[in-house]
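Student: Here's a structure for you.
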Amino acid sequence: MNRHRAMTLLKDRLDDACLASDWEALAAADRDIAAALPVWQAAGNWSSPEQVAFARLRQSHRAAFEFCTRSSDAMAVRLNDMNNHKDGWLAYAASGTSEDLLA
């Protein structure tokens, strides 16, 4: 597969994984990019369309990184909130109203 096509496909995979919040697909795309970069570099000079495709891939990768950072930050806030309200959660559990825990 040529570099331009590979970069475009990987960009699309990153974008789709972010839109779907599909962490496994996002990680797989990131691993595939890391594996492809040295191969692309070793293949020699890049055409203008390849340079454009690479710039788009970099932008998608940057957006994916920002998405991961925002998601991680949100999860940290949620976990901190859960920890801060641990006593209340335990009281609900002890009272037998465990369905309230999931609300």
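Just so you know, all these numbers are worked out from the coordinates, no wet-lab data involved. Keep in mind that this is a model prediction, so the values were computed, not measured. Cβ atoms come from the backbone with ideal geometry, glycine included; neighbour counts cover every protein chain shown.
Student: Computed on alpha carbon atoms, what radius of gyration and Dmax characterise the chain, expressed in Å?
Tutor: 20.9, 68
Student: Something else about it: List 50, 66 from most exposed to least, where exposure is judged by having the fewest other Cβ atoms within 10 Å.
Tutor: In increasing order of surrounding Cβ atoms, one gets 66, 50.
Student: Follow-up. How long are the three semi-axes of the equivalent ellipsoid of the stretch 1-54, in whole Å, if each is the root of 5 times an eigenvalue of the C-alpha gyration tensor, listed from largest down?
Tutor: That gives 22, 12, 6 Å for the three semi-axes.
Student: Shifting gears a bit: Just to confirm a number: summing +1 for Lys and Arg and -1 for Asp and Glu over residues other than residue 48 whose beta-carbon lies under 14 angstrom from that of residue 48, what do you get?
Tutor: +1
Student: Next up: In a GNM of the chain with a 10 Å cut-off on Cα contacts, which of 29, 43, 53 has the highest mean-square fluctuation?
Tutor: Among 29, 43, 53, the largest GNM mean-square fluctuation belongs to 43.
Student: Short version: ³J(HN,Hα) in whole Hz for each residue of the stretch 78-94, in order, from phi by Karplus 6.51 cos²θ - 1.76 cosθ + 1.60 (θ = phi - 60°), x for Gly and Pro, what are they?
Tutor: Per residue, the Karplus-derived 3J(HN,Hα) values read 5, 5, 5, 4, 4, 5, 5, 10, 4, 4, x, 5, 5, 5, 4, 5, 5 Hz.
Student: Separate question: Mean-square fluctuation check for the chain, GNM, Cα pairs under 10 Å: which of 81, 32, 16 is largest?
Tutor: 81
Student: Only helical DSSP H runs with n ≥ 4 go in: add -39500 (n - 2.57) per run for the chain, normalise by residue count and round the 222 nm mean residue ellipticity to 500 deg cm²/dmol.
Tutor: That calculation yields -28500 deg cm²/dmol at 222 nm.
Student: Roughly how big is the chain's charge dipole about its Cα centre, with Cβ charges of +1 (Lys, Arg) and -1 (Asp, Glu), in debye to the nearest 20?
Tutor: 600
Student: Compute the helix-to-body angle for 3-20: its Cα long axis versus the longest principal axis of the chain, expressed 0 to 90° and rounded to tens.
Tutor: 10
Student: Continuing with the same structure: Relative contact order for the chain: what percent, with Cα pairs under 8 Å and sequence separation of 6 or more?
Tutor: Relative CO of the chain lands at 31 percent.
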